[in-house]
Amino acid sequence: MALAVGTTHGRSILRIAAAGIGMFGLGLQFWLGVRHQHGPDLIQATINFFSTFTVLTNALAVCAMLAPQVAPRTGVGRLFSRPSARTICTGYMLVTGAVYLLFLREGRGRETWDVFADQMLHYVTPVLFATDWLVFVRKGGVPPAMIGASLVLPIGYGIWTLLHGAVTKWYPYPFLDVTQLGLVRVLANLGALLALFAAVALALVIADRKIERWTGCRRI
């Protein structure tokens, strides 16, 4: 009983702290992006802000961390308490961090606060969410069907990015810029990203089974 209480207490601390860090990072990133915008430009900048996958995944992570703690009996709280939902979110966060690390890091010339916000949203929050999944999420309860379900958001995001970009000529990432790369190349990049999401989801399903087998019990 003492172990269970300690585990629950540690989980609560981690999730509330992670949610707070995520909200601060999102707020800082938003302020940095729209601070010089006014009128219609502010509206467009806000739409662009929420059209980045980093913002979507971090906002989802904040909800996943906070909802089971503050509203466990609501539909949202119950949803994000499920191992499958938390595993899907973990996959999103890992891909977000990996893509930024490999393709999107910029060199010198950026403001300190820009770098700080990016590191919070691409490094700190993914690590915290992955830690929560590894330590506190019950293992052995994630079905293979989760892999297909995890692709719904990336597919929807890809469709939105192409439609939004066709209207505004604004694209959130260089590898999705149709004006620079052409539609065929961007579609190929989207296909590669979907393959990456599927591979990470598969790896998490396998890890879920392996951890359950190694520990000999399901985590609470």
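Just so you know, all these numbers are worked out from the coordinates, no wet-lab data involved. Model, not experiment: these values are computed from the prediction. Backbone-built Cβ (ideal geometry, glycine too); neighbour counts: all protein chains shown.
Taking first residues from region 63-81 that are free of Cβ contacts under 8 Å to residues at least 40 places away in the same chain and partners that are of a type in the set (Phe, Trp, Tyr), the Cβ contacts under 9 Å between residues at least 6 apart in sequence or on separate chains come to 63/80; 67/80.
Entry remark, region 157-201: residues being farther than 21 Å from residue 44 by Cβ and in a helix (DSSP H, G or I) number 21 in total.
Checking region 127-149 against the condition returns a match, with at least one residue being assigned to a helix (DSSP H, G or I), of a type in the set (D, E, K, R) and under 30 Å from residue 81 (Cα atoms).
In this structure, residue 132 does not satisfy being of a type in the set (Asp, Glu) and either touching a Cys at 6+ places or on another chain (Cβ under 9 Å) or more than 23 Å from residue 29 (Cβ to Cβ) (or both). Residues that are among the polar types (S, T, N, Q), surrounded by fewer than 16 Cβ atoms within 10 Å (Cβ to Cβ), over 14 Å from residue 54 (Cβ atoms) and in contact with a helix residue (DSSP H, G or I) (Cβ under 9 Å, 6 or more places away or on another chain) occur in region 128-150; there is at least one. Of all residues assigned to region 161-170, at least one qualifies as being touching a Phe, Trp or Tyr at 6+ places or on another chain (Cβ under 8 Å) and not polar (S, T, N, Q). Screening residue 127 against (1) in contact with a Gly (Cβ under 8 Å, 6 or more places away or on another chain); (2) without any contact (Cβ under 8 Å) to a residue 24 or more places away in the chain leaves a single unmet condition, (2). Is at least one residue of region 24-35 over 18 Å from residue 118 (Cβ atoms), touching a residue at least 40 places away in the same chain (Cβ under 8 Å), of a type in the set (S, T, N, Q) and part of a helix (DSSP H, G or I)? Among the residues of region 24-35, not one is over 18 Å from residue 118 (Cβ atoms), touching a residue at least 40 places away in the same chain (Cβ under 8 Å), of a type in the set (S, T, N, Q) and part of a helix (DSSP H, G or I), which makes the answer no.
To keep it simple, each residue is scored yes or no on (1) assigned to a helix (DSSP H, G or I); (2) exposed (fewer than 14 other Cβ atoms within 10 Å of the Cβ); (3) more than 12 Å from the chain's Cα centre (by Cα).
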position	(1), (2), (3)
19	yes, no, yes
37	no, no, yes
54	yes, no, no
59	yes, no, no
64	yes, no, no
76	yes, no, yes
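Which members of region 166-220 meet the condition of being of a type in the set (D, E, K, R) and touching a helix residue (DSSP H, G or I) at 6+ places or on another chain (Cβ under 9 Å)? Within region 166-220, 169, 177, 185, 208, 218, 219 qualify. Per the conditions (1) surrounded by 14 or more Cβ atoms within 10 Å (Cβ to Cβ); (2) among the small types (Gly, Ala, Ser); (3) within 24 Å of residue 62 (Cβ to Cβ), the sole criterion not satisfied by residue 156 is (1). Restricting attention to region 78-115, the residues that are part of a helix (DSSP H, G or I) and surrounded by fewer than 16 Cβ atoms within 10 Å (Cβ to Cβ) total 11.
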